[in-house]
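Notes to accompany the following structure.
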Amino acid sequence: MVKKELIKIVSDAIDINASDIHFTLEEEGVVLVGYRAGSDMLPYLRLERSKYEQLLSYVRFNASLDLASPMQPQSGSLVIEEESEVFSCRVSLLPTVKFHSMVLRIINIKMGKDLEEIPFFLNNTTLLKEILQNEAGLILISGPTSSGKTTTAYALIDHLKNKLGKSVITIEDPIEYQQPDIVQMQVNENAGMNYDIGIKEILRHDPDVIVIGEIRDAITAKQAIRAALTGHLVISTVHSKDILGTIHRLLDLGVSVHDLDQSVIALVNQRLVPVGKSRKALMEICAAKPLGHLMEQVIEGSVITLPYTTLDEERLKWKSQKSKKQKSSRSKRK
């Protein structure tokens, strides 16, 4: 019964393209279930607290969370199978004084996309494919939460393995898209498997490409740089506002400007915009000569010009095209 209730909640969220499901205590004995769709939080239903506790216990157990530490914040991966359907979510639990708040990030495996389907502007697809021709170096994909970083990373993986014949190993926390034909390692701090140890072991396993789920700390950042400098193509994500923010984020984590200059071959920052019933990515991409020019300015200590198309410029072009299509549609109706 609990499983069916959870499947219904997740399935309805997928139907409206929600990215997250929030469970919050609305009042004593009542839990509000809400959907995050873009920037909107939409109320979905209310559960009796007793039913929510059952659902919470089901998620804890099936996401392999630490049942002996209920008062610690925890995260994990939940996969639910029902006949031919597979539902996958990233789980985040945050205990408070009176309540265990839960958020499920929906990982819609069916939403995996080819590289050609992701950027709004086709020239960005061409540029990304050119970047993937590199044998070694660090590619960083950045943006805020729900900007499509992971989907883009997996589209790059698919192109590398299917079109370029590369051997790929990933280390993730958690594994979001299950891939049968690549090696995927799950971070498990309780079992002593963190990014630092995992990356060291991956380097001994002879991959062409290493994918690091996210750079969150100084140790992971330095290991990513090390892997790129030892002749591997490395792809990772990082939370930042823009390309310059990505550089400053790595510098804040203790990476030297020299190591950045020697290892990074491409910086990508993106945002999702609605296109019909789906969404595509506006991107700022800095690679090759523009990246060299940008790093020269960073080394000199003053960035005066941005040698790439910025997100703001992409957004203006997108709005212009959108406006033209709307005017064309209205004139046809007349």
Any hit, the stretch 197-219, residues being in contact with a strand residue (DSSP E or B) (Cβ under 9 Å, 6 or more places away or on another chain), in a helix (DSSP H, G or I) and among the basic types (Lys, Arg): no
Residue tally, condition in contact with a Lys or Arg (Cβ under 8 Å, 6 or more places away or on another chain), surrounded by 16 or more Cβ atoms within 10 Å (Cβ to Cβ) and not β-branched (Val, Ile, Thr), over the stretch 78-91: 3
Qualifying position, being in contact with a Ser or Thr (Cβ under 7 Å, 6 or more places away or on another chain) and either over 12 Å from Ile21 (Cβ atoms) or hydroxyl-bearing (Ser, Thr, Tyr) (or both), among Ser39, Ser50, Ser75: Ser75
Answer from Glu314, Glu300, Glu296 - the residue that is among the charged types (D, E, K, R) and open to solvent by less than 50 Å² (accessible area, probe 1.4 Å): Glu314
From Gly148, Gly143, Gly165, residue being more than 13 Å from the chain's Cα centre (by Cα), small (Gly, Ala, Ser) and on the phi > 0 side of the Ramachandran plot: Gly165
Condition check for Ile21: in a strand (DSSP E or B) and touching a residue at least 60 places away in the same chain (Cβ under 8 Å): yes
The stretch 292-312: number of residues that are touching a residue at least 12 places away in the same chain (Cβ under 8 Å) and within 18 Å of Gly143 (Cα to Cα): 5
Residue pairs meeting the criteria (Cβ under 8 Å; at least 6 apart or on separate chains; first free of Cβ contacts under 8 Å to residues at least 40 places away in the same chain, in the stretch 256-284; second open to solvent by 60 Å² or more (accessible area, probe 1.4 Å)): Asp259/Leu229; Asp261/Ile299; Gln262/Leu229
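This table checks each residue for (1) modelled with pLDDT of 95 or more; (2) exposed (fewer than 13 other Cβ atoms within 10 Å of the Cβ); (3) touching an Asp or Glu at 6+ places or on another chain (Cβ under 8 Å); (4) more than 30 Å from Leu56 (Cβ to Cβ).
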{"residue": "Gly76", "(1), (2), (3), (4)": "no, no, no, no"}
{"residue": "Phe99", "(1), (2), (3), (4)": "no, no, no, no"}
{"residue": "Thr125", "(1), (2), (3), (4)": "yes, no, yes, yes"}
{"residue": "Lys129", "(1), (2), (3), (4)": "yes, no, no, yes"}
{"residue": "Ser146", "(1), (2), (3), (4)": "no, no, yes, no"}
Cβ pairs under 7 Å, 6+ apart, first in the stretch 173-189 and in contact (Cβ under 8 Å) with a residue 40 or more places away in the chain and under 16 Å from Cys89 (Cα atoms), second among the hydroxyl-bearing types (Ser, Thr, Tyr) and surrounded by 17 or more Cβ atoms within 10 Å (Cβ to Cβ): Pro174/Ser77; Ile175/Ser77; Glu176/Thr150; Tyr177/Tyr154
Single residue of the stretch 57-66 satisfying the filter (open to solvent by 30 Å² or more (accessible area, probe 1.4 Å) and at pLDDT 85 or above) that is nearest to Asp173 (Cα to Cα): Asn62
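Please work out if Leu272 is in contact with a Lys or Arg (Cβ under 8 Å, 6 or more places away or on another chain), at pLDDT below 95 and either open to solvent by 40 Å² or more (accessible area, probe 1.4 Å) or more than 16 Å from Leu311 (Cβ to Cβ) (or both). I'd like the intermediate steps shown before the answer.
Details: in contact with a Lys or Arg (Cβ under 8 Å, 6 or more places away or on another chain): yes; at pLDDT below 95: yes; either open to solvent by 40 Å² or more (accessible area, probe 1.4 Å) or more than 16 Å from Leu311 (Cβ to Cβ) (or both): yes.
Judged against the criteria, Leu272 is a match.
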Close pairs from the stretch 31-48: first under 28 Å from Gly148 (Cβ atoms) and assigned to a strand (DSSP E or B), partner open to solvent by 50 Å² or more (accessible area, probe 1.4 Å) and aromatic (Phe, Trp, Tyr), Cβ under 8 Å, at least 6 apart: Val33/Tyr44; Gly34/Tyr44; Tyr35/Tyr44
When residues of the stretch 299-334 are limited to those that are in a helix (DSSP H, G or I) and hydroxyl-bearing (Ser, Thr, Tyr), the one nearest to Leu244 (Cα to Cα): Ser320
Among (1) modelled with pLDDT of 95 or more; (2) under 22 Å from Glu284 (Cα atoms); (3) aliphatic (A, V, I, L, M); (4) touching a Lys or Arg at 6+ places or on another chain (Cβ under 6 Å) - the single one Val209 does not satisfy: (2)
Yes/no for Ser69 being out of contact with any strand residue (DSSP E or B) (no Cβ under 8 Å at 6 or more places or on another chain), exposed (fewer than 12 other Cβ atoms within 10 Å of the Cβ), of a type in the set (S, T, N, Q) and not in a strand (DSSP E or B): yes
Qualifying positions in the stretch 283-293 - assigned to a helix (DSSP H, G or I), open to solvent by less than 70 Å² (accessible area, probe 1.4 Å) and among the aliphatic types (A, V, I, L, M): Leu291
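The values are calculated or read from the model by the stated rules, or taken from the named source; none is laboratory data. These numbers were taken from a predicted model, which means no experiment stands behind them. When we count neighbours, we look across all protein chains shown, and the Cβ atoms used for this are built from the backbone with ideal geometry, even at glycine. Remember, those area values only see protein heavy atoms, side chains included, never the ligands or the DNA or RNA. Shrake-Rupley method; radii C 1.70, N 1.55, O 1.52, S 1.80 Å.
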